[in-house]
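Comments concern the structure below.
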């Protein structure tokens, strides 16, 4: 596949910059090849938007990046929702790992 | 997982009917030379615009059942963890196989790229209910967990009617 310079930190920087995210966690779930990422994004821009609209906002912000990687997963929360969840769980549960095997994505070579 | 085994045969049939609906070349192997070449031609071509033919085929696919999932692999043998998670959730929710269709994007490179543009969504799987785009795996999982998905499927009357316990194949 094409060379990518996409990393956890480049995605974090892009999300912080483009979505004014107040908190971002990006985790490489590729098992090393660096082409699958999962994320937790907290941004005030999500306020008043449903889940689909939030994801569309993220997809638009990372259009180039997502086109270059195999897998992308995101959890989009408003600062208020994130605070509430942290209070309820005693710490955020971080980026979603559904569809992965032990935090690593499978079948990405397809 | 009872619901899954009930659904699987129907799923498999629907999924294998896919290729004829959406595409011409029957080859599902990208490793054989002709298919490999056509894969690349298609990739270059759809950098421009979704062709009318592909758009029409996808429109038809989306309308082919009340619940439609575009996925990697088949419901029986998903080729990606996200597609697997999505199909499992639809099974757990008890979606009626009669009201469900799955399309394997790996069998058709035009569908694989075309559906991304059609839905304006960069990843597979993609779920449609009543021709409306619902979302990808993250959204399916979160709607499943919040109860929204159950509510939606109930409202759209696409759940299998329980006829006592354990309807066996």
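Among (1) modelled with pLDDT under 50; (2) touching a helix residue (DSSP H, G or I) at 6+ places or on another chain (Cβ under 7 Å); (3) surrounded by 19 or more Cβ atoms within 10 Å (Cβ to Cβ), where does residue B:4 come up short?
(3)
Is at least one residue of the range A:43-54 touching a residue at least 24 places away in the same chain (Cβ under 8 Å), in a strand (DSSP E or B) and within 11 Å of chain B (Cβ to nearest Cβ)?
No, every residue in the range A:43-54 fails to be touching a residue at least 24 places away in the same chain (Cβ under 8 Å), in a strand (DSSP E or B) and within 11 Å of chain B (Cβ to nearest Cβ).
Go through A:19, A:57 for me and flag whichever is under 25 Å from residue B:113 (Cα atoms) and in contact with a strand residue (DSSP E or B) (Cβ under 8 Å, 6 or more places away or on another chain).
A:57
Would you check if residue A:99 is touching a residue at least 24 places away in the same chain (Cβ under 8 Å) and on the phi > 0 side of the Ramachandran plot?
yes
Please tell me if residue A:77 is crowded, with 17+ Cβ neighbours inside 10 Å, closer than 30 Å to residue B:113 by Cβ, more than 10 Å from chain B (Cβ to nearest Cβ) and in contact with a strand residue (DSSP E or B) (Cβ under 9 Å, 6 or more places away or on another chain).
It is false that residue A:77 is crowded, with 17+ Cβ neighbours inside 10 Å, closer than 30 Å to residue B:113 by Cβ, more than 10 Å from chain B (Cβ to nearest Cβ) and in contact with a strand residue (DSSP E or B) (Cβ under 9 Å, 6 or more places away or on another chain).
Collect the residues in the range B:74-97 that are over 19 Å from residue A:29 (Cβ atoms) and in contact with a helix residue (DSSP H, G or I) (Cβ under 7 Å, 6 or more places away or on another chain), keeping them in residue-number order.
If the condition is that a residue be over 19 Å from residue A:29 (Cβ atoms) and in contact with a helix residue (DSSP H, G or I) (Cβ under 7 Å, 6 or more places away or on another chain), then B:74, B:75, B:76, B:89, B:91, B:92, B:93, B:94, B:95, B:97 are the ones that fit.
Inspect all residues belonging to the range A:97-106 and state whether any of them is within 11 Å of chain B (Cβ to nearest Cβ), closer than 18 Å to residue B:143 by Cβ and in a helix (DSSP H, G or I).
No; the residues of the range A:97-106 include none that is within 11 Å of chain B (Cβ to nearest Cβ), closer than 18 Å to residue B:143 by Cβ and in a helix (DSSP H, G or I).
For the range A:15-24, which residues satisfy the criterion of being surrounded by fewer than 19 Cβ atoms within 10 Å (Cβ to Cβ) and not in a strand (DSSP E or B)?
A:16, A:17, A:18, A:20, A:22
Name the residues in the range A:25-42 that are surrounded by fewer than 21 Cβ atoms within 10 Å (Cβ to Cβ) and assigned to a strand (DSSP E or B), would you?
A:25, A:27, A:28, listed by residue number.
Just checking, does the range B:145-168 include any residue being within 11 Å of another protein chain (Cβ to nearest Cβ), touching a residue at least 24 places away in the same chain (Cβ under 8 Å), touching a helix residue (DSSP H, G or I) at 6+ places or on another chain (Cβ under 8 Å) and surrounded by fewer than 21 Cβ atoms within 10 Å (Cβ to Cβ)?
no
The values are calculated or read from the model by the stated rules, or taken from the named source; none is laboratory data. Just so you know, these numbers come straight off a predicted model, no measurement behind them. Cβ coordinates were reconstructed from backbone atoms using ideal geometry, including for glycine residues, and neighbour counts include every protein chain displayed.
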